[in-house]
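A.B. asks: Structure provided below as structure tokens; questions to follow.
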Amino acid sequence: MMRLGLGERRRISCTVNGVARSGFAEGRTLLSDFLRHELNLYGTHVGCEHGVCGACTVILDSRLARSCGTLAMQADGAEITTIEGLGDSDREPALREAFSRHGALQCGFCTAGVLLSVKHFLQHNPKPSDGEIRDMLSGHLCRCTGYEGMVRAIAEVAEGQP
Amino acid sequence: MVESVKNWLGQAVPRFEDEALMTGNARFIDDLSPVPGIRHVAILRSPYAHAEIRSIDLAPARELAGVIGAVSGQELMAGLEPLASAVRAPMNYFPMAADKVRYVGEPVALVAAEDRYLAEDAIEAIEVDYEPLGAVVDPIAGQQADAALLHEAVGSNLVHQRTFRYGEPEAAFEAAEHIVRLNWRYPRQSSTPMETYGAIAQFEAAPDRYTIWSNFQGPFILQPLMVRALKIPGNHLRLISAPHSGGSFGIKQGLYPYLVLLAAASRHFGCPLKWIEDRLEHLSASSAAAARADGIEAAFDGNGMLTGLRFANCVDVGAYVRAPEPASVYRMQAASNGSYQVRHIAIENRLVVTNKTPIGLNRGYGGPQFYFGLERAMEVAARRLDLDPAEIRRRNFLPASAFPYDAPGGAVYDAGDYGKGLDMALELTDYPELRARRAAAKAEGRLFGIGLAAGVEPSGSNMAYVTLALTPEERAKAGGRSGGLAAASVSIDPSGSVTVHTDSTPAGQGHATVAAQVAADRLGLEPRDIQVITAIDTQSTAWSLASGNYSNRFAAIEVGAIAESADRIGHKLRRIAGEMLEVAAEDIELAGGRAHVTGAPEQGIALARVAAASHWHPAGLPDDLEPGLDDTTMLSPAVLGAPDEGDRVASAVTFGFLCDLTAVEIDRDTGRIRIDTYVSVHDVGRVLNPIIVEGQIRGGFAHGFGAAMFEDLAYDEAGNFLSGSFADYLCPTAPDLPEVKIGHYETASPQNPLGSKGMGDGSSMLAPAAIANAVADALERDDIELPLTLDRVWRMANELGEGE
Ligand code: FES
Ligand code: FES
């Protein structure tokens, strides 16, 4: 096992949104800070830094992770998807369009985390009920929208799936 | 005015803001590095509610590697003036405590370091010797003679008291057949935007000036206050808003003391500084909606007509009166008849300082507390007088023929038809059937209740209403105050594209989209061709005291300013095009990106060419036409006059109406409240964009629902703060929220050329009262307090007291 003293940094290499990236982190550096301030991927947001609000959600090796509750060290060698990596594949454009049409976002601060959760959720539960969608969203705090637009948009996109 | 071919206003145009937000391309304050060499700040805060600071030892922090410096409040505040407010009692409010702390979380020292981690290490190394003092947590107990004093120079914790009289309230109460009295408490809450406060401050010397990037939302009436605290000319404090702000709901108003703090610290350390508030800091020490210990009395005649009102408002203001407080208790005063005809009103406002974070703007600002009193009293009266709660309101509503209506407190209600709103709510709930279900449930011994609340939504504030805190004589001495200025600019560049600037600093309300809709209609363009800048830069955009994002001012006032500038630009384009096409300007129509002769679309010319002419060939313009296409409007609605000698003031420009009707059933075994039905009906004037309007209504409801059910910034008896995380301060999640049916109807406002009214506070103001009314009806008792937690409701449902 490798030991780092206080203030010592180590190079972390990972694949982010399909691209090999690397940067430096201390032992205590949070993945959220590493993504934002070391890799300049500012689309990941921090709303509470204590694991409740879900704003910082990313996909880490095919699992959902709260990047504020994950150390950068834990992501060494991992594959990470952030909001910047949600592009033109699958149903992502449809999801964005539906979010917009249904007013599923206002300030958009919570939205990155929500969209990553939705991507992961629909992969595992392609035909969810409204109740299941609401349960999934319970991992995210949104203070702007009252969630209704999100539920409608997600249901609509899931509905439209083959 | 030329009618556009296509009317973009009113259409569900998806927001132009969304794409950047959904691809990670929108920039918020913590994403910015506008200048090189930024260092990071951590703030050491008081762990005590009330204590003298005996000494602070900064040396251990300064010695740590990576630390630029550490500074105490005593040292840093010595160079500043206190931050002023409309309450004149001798309380010195500084952004950081110098010799005494008055709430848990009050800043006492500040560290700058190479990164935030190191800065946080360093504040932990600072040693502070405190002498704890007795704490004041209750605004009633805080007024007693033996209470600890927060501000010795005031000699009392009661720092402000004024009484008001509109009409003949004494006579109304003397003649009353029924008087309803209600005393109630309202808890502290917070709108908790998902993005916390953040700022980057840069000091530059010779001459001394400060530039601050932040997610401050205004009102910019606070800019002159900051200037005074920093002792500099106004143009030496440049405030720049971040391109995006992650929600606010008013609370980012409370950021301004930190801007002063960071400015002073940047000067002290000689480097630009960045501070991003963490969630604990936000919950414990940013701002809060006012807790209240109020009483209300309502006089009725034998027919259930409300003839008089007496409000005894007691505001738990926190440790300092931070401007624009005491505005929260004065915001509703001019409209203190709510939606009713009552003309005789007495008001007493008391402000009590307590050992808690200072209060400030939060969604609804004073509205939730006001309606909790008024609408609970109406509900109690309905039961006492054996009237249906809908019927008692209908009888008392202002009739549709009353508008514009001069309210007793001076508000001028622009337009409305309240009976129609109530009818719609009754229809959407199938009210007779709902009452039948209630009767059946009650017959079975189930705890089922119906609750109603109705009210007006003041929008677009008069900057002067807060001066009701001064006596008419004091006001006269202080000089005139009135108005609510909005600034907007419309320009067309040499290649013919249009840019709109607003002074509205939105935090997710879609102002850019609506501004583009407004301008597009008037210039015959597509909204997406128009670039809208909503961020303020006080050095390069037009702004004034009222600038900012609060009190629903965008759809009430700002849209009018955009329309006015767009119309002037449109007029100029028609003059130029008329010259080119050799017809009169009046015969030119702007549509589809072209200027053409009315009735002959083929005789036209691209708008871009017309615009280009004003830049490239000014000599060819009609003689009396100035070159260029750049127009700024600054307007203040005429209705927003100064308060008069009788303390009457037109406090806002537009008055929307809303009516919430709900039915709940309480599980006696668990105390759980099931929302059986929730209907919310709104008159927001002309709807400018239905996606945005619905989003505001649903979001406002979520805030009101959270406030009713579980939100509480709790303190214990010693003033310790108990709600420091989102696991303690509970906000509604998706499964918590019930289905809400929304009803819309429109009475157009005459206060702006578009007919829209401000909106956005919405049910955040009424849901607490409506749900409390339903719970009161289910439990058949009057002593309902918020939040309606499982524990509290279970106790009430089983007739148990606290602690049993
Ligand atoms: S920021 Fe990670 S859960 Fe809130
Ligand atoms: S859109 Fe603002 S918090 Fe969700």
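A.B. asks: Kindly establish whether B:A748 is in the same structural domain as B:I697 (by TED's automatic domain parsing) and either at pLDDT below 95 or part of a helix (DSSP H, G or I) (or both).
C.D. replies: No; evaluated as a whole, the condition is false for this residue.
A.B. asks: Return the residues of region A:108-142 that are basic (K, R) and either within 11 Å of chain B (Cβ to nearest Cβ) or free of Cβ contacts under 8 Å to residues at least 40 places away in the same chain (or both); say none if nothing qualifies.
C.D. replies: Of all residues in region A:108-142, those basic (K, R) come to A:119, A:127, A:134.
A:K127, A:R134 - these are the residues of region A:108-142 that are basic (K, R) and either within 11 Å of chain B (Cβ to nearest Cβ) or free of Cβ contacts under 8 Å to residues at least 40 places away in the same chain (or both).
A.B. asks: Let me ask you something else. Does at least one position in region B:188-199 carry a residue that is modelled with pLDDT under 95, among the hydrophobic types (A, V, I, L, M, F, W, C) and either surrounded by 16 or more Cβ atoms within 10 Å (Cβ to Cβ) or not assigned by TED's automatic domain parsing to the domain that holds B:T538 (or both)? Talk me through it step by step, then tell me what you get.
C.D. replies: Applying the first criterion (modelled with pLDDT under 95) to region B:188-199 yields none.
Within region B:188-199, none of the residues are modelled with pLDDT under 95, among the hydrophobic types (A, V, I, L, M, F, W, C) and either surrounded by 16 or more Cβ atoms within 10 Å (Cβ to Cβ) or not assigned by TED's automatic domain parsing to the domain that holds B:T538 (or both).
A.B. asks: Any idea how many residues of region A:25-61 are assigned to a loop (DSSP other than H, G, I, E, B), of a type in the set (A, V, I, L, M, F, W, C), touching a Ser or Thr at 6+ places or on another chain (Cβ under 6 Å) and more than 7 Å from ligand 1 (Cβ to nearest atom)?
C.D. replies: 1
A.B. asks: Which members of region B:20-46 meet the condition of being part of a loop (DSSP other than H, G, I, E, B), away from chain A (no Cβ under 14 Å) and crowded, with 16+ Cβ neighbours inside 10 Å?
C.D. replies: B:S46
A.B. asks: Continuing with the same structure: Can you pull out the residues in region A:44-78 that are among the small types (G, A, S) and either more than 11 Å from chain B (Cβ to nearest Cβ) or buried (at least 24 other Cβ atoms within 10 Å of the Cβ) (or both)?
C.D. replies: Listed by number, the residues that qualify are A:G47, A:G54, A:A55, A:S62, A:A65, A:S67, A:G69, A:A72, A:A75, A:G77, A:A78.
The rows are residues; the columns are (1) in contact with a Cys (Cβ under 9 Å, 6 or more places away or on another chain); (2) among the aliphatic types (A, V, I, L, M).
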| site | (1), (2) |
| --- | --- |
| B:F164 | no, no |
| B:P169 | no, no |
| B:A172 | no, yes |
| B:A176 | no, yes |
| B:V180 | no, yes |
| B:T192 | yes, no |
| B:I200 | no, yes |
| B:E204 | no, no |
| B:R209 | no, no |
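A.B. asks: While we're looking at this one, here's another question. Can you name the number of the only condition in (1) among the hydroxyl-bearing types (S, T, Y); (2) closer than 27 Å to B:L590 by Cα; (3) modelled with pLDDT of 95 or more that B:T538 fails?
C.D. replies: (2)
A.B. asks: Moving to a separate point now. Within region B:505-526, how many residues turn out to be within 14 Å of another protein chain (Cβ to nearest Cβ) and either over 27 Å from B:N462 (Cβ atoms) or within 18 Å of the chain's Cα centre (by Cα) (or both)?
C.D. replies: The total comes to 8.
A.B. asks: Here is a further query. Can B:F173 be described as surrounded by fewer than 24 Cβ atoms within 10 Å (Cβ to Cβ), outside any strand (DSSP E or B) and either within 14 Å of another protein chain (Cβ to nearest Cβ) or away from ligand 2 (no atom under 16 Å from the Cβ) (or both)?
C.D. replies: Judged against the criteria, B:F173 is a match.
A.B. asks: With the condition kept exactly as written, say whether any residue in region B:209-221 is in contact (Cβ under 8 Å) with a residue 24 or more places away in the chain and more than 28 Å from the chain's Cα centre (by Cα).
C.D. replies: So the first thing to find is which residues in region B:209-221 are in contact (Cβ under 8 Å) with a residue 24 or more places away in the chain, and the list is B:209-221.
Now narrow it down to the ones that are more than 28 Å from the chain's Cα centre (by Cα): B:209.
The answer is yes; a qualifying residue exists.
A.B. asks: Does A:I12 satisfy the criteria of being over 21 Å from A:T145 (Cβ atoms), within 12 Å of the chain's Cα centre (by Cα), more than 9 Å from every other protein chain (Cβ to nearest Cβ) and not aromatic (F, W, Y)?
C.D. replies: No.
Yes or no, residue by residue, for (1) part of a loop (DSSP other than H, G, I, E, B); (2) at negative phi; (3) within 14 Å of chain A (Cβ to nearest Cβ); (4) in contact with a helix residue (DSSP H, G or I) (Cβ under 7 Å, 6 or more places away or on another chain):
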residue: B:L661; (1), (2), (3), (4): no, yes, no, yes
residue: B:T677; (1), (2), (3), (4): no, yes, no, yes
residue: B:G719; (1), (2), (3), (4): yes, no, no, no
residue: B:P732; (1), (2), (3), (4): yes, yes, yes, yes
residue: B:E739; (1), (2), (3), (4): yes, yes, yes, no
residue: B:L754; (1), (2), (3), (4): yes, yes, no, yes
residue: B:G758; (1), (2), (3), (4): yes, yes, no, yes
residue: B:A772; (1), (2), (3), (4): no, yes, no, yes
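A.B. asks: Now for a separate question. For region B:178-210, name all the residues that are assigned to a loop (DSSP other than H, G, I, E, B), within 14 Å of chain A (Cβ to nearest Cβ) and closer than 28 Å to B:C271 by Cβ.
C.D. replies: Of everything in region B:178-210, those that are assigned to a loop (DSSP other than H, G, I, E, B), within 14 Å of chain A (Cβ to nearest Cβ) and closer than 28 Å to B:C271 by Cβ turn out to be B:E195, B:T196, B:Y197.
A.B. asks: Taking only pairs six or more apart or across chains, which ones have beta-carbon atoms under 6 Å, a first residue in region B:391-411 that is in contact (Cβ under 8 Å) with a residue 60 or more places away in the chain, and a second residue that is crowded, with 18+ Cβ neighbours inside 10 Å and part of a helix (DSSP H, G or I)?
C.D. replies: So the pair list comes out as B:I392/B:A382; B:A407/B:A335; B:G409/B:Q333; B:G409/B:A334; B:G410/B:A334; B:A411/B:A334; B:A411/B:A335.
A.B. asks: Something else about it: Out of (1) free of Cβ contacts under 8 Å to residues at least 12 places away in the same chain; (2) of a type in the set (S, T, N, Q); (3) part of a loop (DSSP other than H, G, I, E, B), what's the single condition that is false for A:S22?
C.D. replies: All conditions pass for A:S22, except number (3).
A.B. asks: Which ones in region A:120-146 are assigned to a loop (DSSP other than H, G, I, E, B) and more than 9 Å from ligand 2 (Cβ to nearest atom)?
C.D. replies: Those that are assigned to a loop (DSSP other than H, G, I, E, B) and more than 9 Å from ligand 2 (Cβ to nearest atom): A:N125, A:P126, A:K127, A:P128, A:S129, A:S138, A:G139, A:G146.
A.B. asks: Kindly indicate whether any position in region B:478-493 is out of contact with any helix residue (DSSP H, G or I) (no Cβ under 6 Å at 6 or more places or on another chain), away from ligand 2 (no atom under 16 Å from the Cβ), in a helix (DSSP H, G or I) and within 14 Å of chain A (Cβ to nearest Cβ).
C.D. replies: Scanning region B:478-493 turns up no residue that is out of contact with any helix residue (DSSP H, G or I) (no Cβ under 6 Å at 6 or more places or on another chain), away from ligand 2 (no atom under 16 Å from the Cβ), in a helix (DSSP H, G or I) and within 14 Å of chain A (Cβ to nearest Cβ).
A.B. asks: Residues to consider are A:G77, A:G103; find the one that is over 14 Å from the mean Cα position of the chain (by Cα) and within 16 Å of ligand 2 (Cβ to nearest atom).
C.D. replies: None of the other options fit; the residue is A:G103.
A.B. asks: Answer with yes or no whether A:S117 is within 14 Å of ligand 2 (Cβ to nearest atom), polar (S, T, N, Q), in a helix (DSSP H, G or I) and farther than 24 Å from A:C14 by Cβ.
C.D. replies: Answer is no for this residue.
A.B. asks: A further question on this structure: Could you figure out which of (1) buried (at least 17 other Cβ atoms within 10 Å of the Cβ); (2) within 14 Å of ligand 1 (Cβ to nearest atom); (3) in the same structural domain as A:G43 (by TED's automatic domain parsing) isn't true of A:L116?
C.D. replies: With (1) buried (at least 17 other Cβ atoms within 10 Å of the Cβ); (2) within 14 Å of ligand 1 (Cβ to nearest atom); (3) in the same structural domain as A:G43 (by TED's automatic domain parsing) applied to A:L116, the lone miss is (3).
A.B. asks: May I pose another question? Please pick out the residue among A:L105, A:L95 that is within 13 Å of chain B (Cβ to nearest Cβ), away from ligand 1 (no atom under 12 Å from the Cβ) and part of a loop (DSSP other than H, G, I, E, B).
C.D. replies: A:L105
A.B. asks: Go through region B:490-511 and give me each residue that's surrounded by fewer than 22 Cβ atoms within 10 Å (Cβ to Cβ) and touching a residue at least 40 places away in the same chain (Cβ under 8 Å).
C.D. replies: Selection gives B:S491, B:D493, B:P494, B:S495, B:G496, B:S497.
A.B. asks: Also: Pick from A:T145, A:T70, A:T82: which is polar (S, T, N, Q), away from ligand 1 (no atom under 16 Å from the Cβ) and in contact (Cβ under 8 Å) with a residue 40 or more places away in the chain?
C.D. replies: Result: A:T145 is the single residue among A:T145, A:T70, A:T82 that is polar (S, T, N, Q), away from ligand 1 (no atom under 16 Å from the Cβ) and in contact (Cβ under 8 Å) with a residue 40 or more places away in the chain.
A.B. asks: Identify, from the list A:S32, A:S62, the residue that is more than 16 Å from ligand 2 (Cβ to nearest atom), under 12 Å from the mean Cα position of the chain (by Cα) and under 25 Å from B:G724 (Cβ atoms).
C.D. replies: A:S32
The values are calculated or read from the model by the stated rules, or taken from the named source; none is laboratory data. Predicted model only: the values in this text are computed from it and were never measured. Don't worry about glycine lacking a Cβ; one is built from the backbone with ideal geometry, like all the others, and counts go over all protein chains shown.
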